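A quick write-up on the structure given underneath.
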Amino acid sequence: MKINLFTKIKQKAELMVKEFPGEVVVLNPEAGELIILNETSAFIWQRLKRRTSVEGIAKSLCKVFKVGLKEAKKDTLSICQQLANQGLIQVLKR
């Protein structure tokens, strides 16, 4: 599924997650995959614990990592699309 800035998303509940300083490890038992998220991806992942928009995450990323909004939106969109492709997040209806 194609993700855009206004897509409402959140973590899938059935995943096993372990958080470490600067990274997060996610086990998707359905796919039998272990995914390691770097600091930026881990920040985004933590925001996905509850329903949010890609744009909302980008605004938070902008403040915390001191990057421009255009770059934050691009990075957030890319990472969220990767997480969706890996089956780690669910797209919510409005």
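Is it the case that segment 33-52 has a residue that's closer than 20 Å to residue 90 by Cβ, in a strand (DSSP E or B) and touching a helix residue (DSSP H, G or I) at 6+ places or on another chain (Cβ under 8 Å)? Yes, because at least one residue in segment 33-52 is closer than 20 Å to residue 90 by Cβ, in a strand (DSSP E or B) and touching a helix residue (DSSP H, G or I) at 6+ places or on another chain (Cβ under 8 Å). Go through segment 66-94 and count every residue that is closer than 14 Å to residue 7 by Cβ and basic (Lys, Arg). Selection size over segment 66-94: 3. Report yes if some residue within segment 49-65 is farther than 21 Å from residue 2 by Cβ and surrounded by 16 or more Cβ atoms within 10 Å (Cβ to Cβ); otherwise report no. Yes, that holds for at least one residue. The set of residues in segment 39-65 being farther than 16 Å from residue 12 by Cβ and among the β-branched types (Val, Ile, Thr) consists of 40, 54, 57, 64.
Candidates in segment 30-87 are the residues that are of a type in the set (Asp, Glu) and in contact with an Asp or Glu (Cβ under 9 Å, 6 or more places away or on another chain); of these, the one that is modelled with the lowest pLDDT is 30.
Residues considered: 77, 27, 5, 83. Of these, the only one that is surrounded by 12 or more Cβ atoms within 10 Å (Cβ to Cβ) and in a strand (DSSP E or B) is 27.
The condition (being more than 18 Å from residue 27 (Cβ to Cβ), without any contact (Cβ under 8 Å) to a residue 60 or more places away in the chain and not polar (S, T, N, Q)) is satisfied by just one residue among 91, 54: 54.
The values are calculated or read from the model by the stated rules, or taken from the named source; none is laboratory data. Keep in mind that what you see is a predicted model, and the values were worked out from it rather than measured. Every residue, glycine as well, gets a Cβ built from its backbone with ideal geometry; the counts of neighbours run over all protein chains shown.
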